[in-house]
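A short write-up of the structure that comes next.
Bear in mind that the values in this text are calculations on the coordinates, not laboratory data. Bear in mind that the values here come from a model prediction, so they are computed numbers and not experimental data. A quick note on method: Cβ atoms are made from the backbone with ideal geometry, for glycine too, and the neighbour counts reach across all protein chains shown.
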Amino acid sequence: MTKTEKCRSLVLVLGDQLSTDLSSLKRADPDRDTVLMAEVMAEATYVRHHKKKIAFLFSAMRHFAEELKEAGWTVDYVNLDDPDNTGSFKGEVQRACGRLQPEQILVTEPGEWRVLEDMRSWSDAFDLPVEILTDTRFFSTVADFRTWADERKQLRMEYFYREMRRSTGLLMDGDKPAGGKWNYDAANRKPAKPDLFMPEPKRFTPDAITREVLEMVGERFYGHIGDLEPFWFAVTRKDAEKACDHFLREALADFGTYQDAMLSGRKFLFHSVLSTYLNAGLLDAKALCRKVEEAWQADKVPLNAVEGFIRQIVGWREYVRGIYWLKMPDYVDSNALGADRPLPDFYWTGKTRMRCLAEAIGQTLEEAYAHHIQRLMLTGNFALLAGVRPKDVHEWYLMVYADAYEWVEAPNTIGMSQFADGGLLGSKPYVSSGNYIDKMSDYCGACSYDVRQKTGSEACPFNALYWDFLDRNRKVLQGNPRLAQPYASWDRMKQSRQKDLKESAADFRKRLFDGEEV
Ligand code: FAD
Ligand code: DLZ
Ligand code: SF4
């Protein structure tokens, strides 16, 4: 299609905005406006993202540009290797303005605060109107959440979730929750037996575009963390939809029951592995929730699974986004417990005698994926117990997962996992000793540490670290009613027992932070 007049709006579409329903595209006119998409070094390196994440995004961006062109859009696509590529969004918008002389710039609000701050400087810098539109891919807006938060002292997810159920009508029976309860977690969270049949996520063979990207990423980002291949992610909306239908058919029914289970060598269990597609825009969260609800209405899946899944999306996903925009820019510097140790070396290699962590980090390096309970109760739990700086932990999560963008990663890491916001997001720190990990997984049987031993060099390190954490952080945590029981148990212990636990923890932390293999 040829343009009827000069480019009116320049529409910048970011790498995690790959949806034809994007508010900026809805506002624009394919006959007169030009879409700009740019692979830029600044975005690939502000943290040194996992190679698979970069490859996924560049390939998905290139495929999306093709989809837009087929739909009649003019797309100005800048490859990373373009010799004139300035390496930043601002530089590429400036170059495009020089080429196309637009009357205005249109963009949907980005998912990270630093990018929004940058965009706010563009109008003055380019002497052009810059319209930053609401991201309508979410159920609630940043402003909606702020209004909800302004009216409350405590920002608990569960109450937000109920309001979201009411406002979306999802799983509602009039003004009552379907089945009579808002939350079916009591039926969920069982450990899984190793012989349980388990589906695998749908895998896709790389096409020519993906192969070219893989080659480029292998050369340009060889120093970044993680394995590039095998690469099996969907990179188009059509394939992401196939992955979604596969999950609904094969895994959703058992999603709730085994949501918190962990098993050696089973990287995905009954998880959807859809977050990478949802967050990049290949899948639409609203359509996904409707499909999940329909599967329940058609009697294909039980309510505990469907409610559990929908809660993750209309509850947690929306809630953490609200918290992010409410609390940035200071949120990522929160450190309520004053944790000051560096991230242990084995987070970069997976080389540790602790079986559970070797599995979670190993699969993270391979797949740029770990499921929620691995992120929360293994890598997150360990970092919190050991006293690692929350910002280091945050940067690691942002780097290593293919689904990680700051709006969703930071509240999960800083708030839920590291309790660095002092309890704004979670009502207590998610910490556990080896007992919990043993109950929910089969890792401990194959570990060189003994989960039943509490102290000494062969004891599971989580055990002494757990008690030491509570004791070390007593000033901040002891008033927390949800920790009353563990503090009472600690106080009942003989002093000699407490001393042994603290010495074991101190010895382990010394070896850990001296760089010994633990
Ligand atoms: P499923 O278990 O199948 O869950 C279904 C969907 O629910 C997910 O695809 C996701 O969209 C949503 N969801 C589930 N839990 C959460 C949650 N706590 N917050 C937001 N959405 C949720 N999720 C990200 O998308 N990006 C991140 O960068 C990210 N970082 C995390 C860091 C830490 C420390 C922790 C504890 C959790 C993090 N999560 C993050 C949340 C969660 O772990 C992932 O969404 C989930 O593991 C993705 O895998 P899945 O698609 O198989 O999820
Ligand atoms: C994560 C990422 C990477 C690695 N590269 C690009 C890129 O080259 N071009 C682009 O438009 N987006 C990229 N992204 C996603 C952005 O980092 C993301 O859009 C912002 O952080 C806002 O969420
Ligand atoms: Fe992890 Fe401790 Fe179990 Fe080993 S014994 S797998 S370190 S919980």
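Structure above, values below:
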quantity: Label-to-label distance, nm, for residues given as R492 and R474 (7 Å Cα→Cβ offset); calculated: 1.8 nm
quantity: Neighbour-limited loop hits for trypsin sites (Lys or Arg not before Pro), the stretch 181-258 (at most 14 other Cβ within 10 Å; DSSP other than H, G, I, E, B); calculated: K181, R203
quantity: Two-site FRET efficiency, E219 against K242, from Cβ-Cβ distance with R₀ of 30 Å, rounded to 0.05; calculated: 0.50
quantity: The stretch 374-469: trypsin sites (Lys or Arg not before Pro) in DSSP coil with no more than 14 other Cβ atoms inside 10 Å; calculated: R452
quantity: Built amide H within the under 5 Å cut-off of D450, gap 5+; calculated: A459, C460
quantity: DSSP-defined antiparallel bridges as percent of all bridges, the stretch 9-133, nearest 5; calculated: 0 percent
quantity: HN-Hα J in Hz across the stretch 237-248 - Karplus 6.51, -1.76, 1.60, θ = phi - 60°, x for Gly and Pro; calculated: 5, 4, 6, 4, 5, 5, 4, 5, 4, 4, 4, 4
quantity: Three-way shape call for the stretch 346-513 based on the alpha-carbon gyration tensor, with the a/c threshold at 1.5; calculated: oblate
quantity: For the chain, share of DSSP beta bridges that run antiparallel, in % to the nearest 5; calculated: 15 percent
quantity: Sequence-separation-based contact order of the chain, relative, with Cα cut under 8 Å and 6+ spacing, percent; calculated: 16 percent
quantity: Whole-Å distance, taken between Cα centres, linking the stretch 143-219 and the stretch 450-481; calculated: 31 Å
quantity: For the stretch 18-66 versus the stretch 336-414, the gap between their alpha-carbon centres in whole angstrom; calculated: 27 Å
quantity: Euclidean distance between Cα centres, the stretch 268-326 to the stretch 488-518, Å; calculated: 40 Å
quantity: MRE, 222 nm, helices only [DSSP H, n ≥ 4, -39500 (n - 2.57), over the chain, to nearest 500]; calculated: -13000 deg cm²/dmol
quantity: Restraint check, K190/K300; K267/K327; K51/K202; K176/K291; K52/K202; K291/K439, Cα-Cα greater than 23 Å; calculated: K267/K327; K291/K439
quantity: Sparse-neighbourhood loop sites, GluC sites (Glu not before Pro) in the stretch 124-163 - DSSP loop, at most 16 other Cβ within 10 angstrom; calculated: E151
quantity: Estimated dipole of the chain in Debye, rounded to 20 [Cβ of Lys and Arg +1, of Asp and Glu -1, Cα centre]; calculated: 2020 debye
quantity: Derived scalar couplings ³J(HN,Hα) [the stretch 371-381; Karplus, 6.51 cos²θ - 1.76 cosθ + 1.60; whole Hz; x for Gly, Pro]; calculated: 7, 4, 6, 5, 5, 7, 9, 10, 5, x, 4
quantity: Two-site label geometry, N435 and D173: point separation in nm, points 7 Å out along Cα→Cβ; calculated: 3.7 nm
quantity: Three-way shape call for the chain based on the alpha-carbon gyration tensor, with the a/c threshold at 1.5; calculated: prolate
quantity: Full-stretch length increase - Q101, A187 - with 0.36 nm per residue and alpha-carbon distance subtracted; calculated: 25.0 nm
quantity: Whichever lysines have a C-alpha closer than 18 Å to that of K286, once near sequence neighbours (fewer than 8 apart) are set aside; calculated: K26, K238, K242
quantity: Cα-based reach from K510 at 18 Å (exclusive), listing aspartates and glutamates while leaving out same-chain residues under 8 positions away; calculated: D340, D345, E458, D468, D471, D500
quantity: Pairwise Cα inverse-distance average, inverted: Kirkwood Rh of the stretch 75-219 (Å); calculated: 21.0 Å
quantity: Nonlocal amide H pairs with T108, under 5 Å, H built at 1.01 Å; calculated: S24, L133
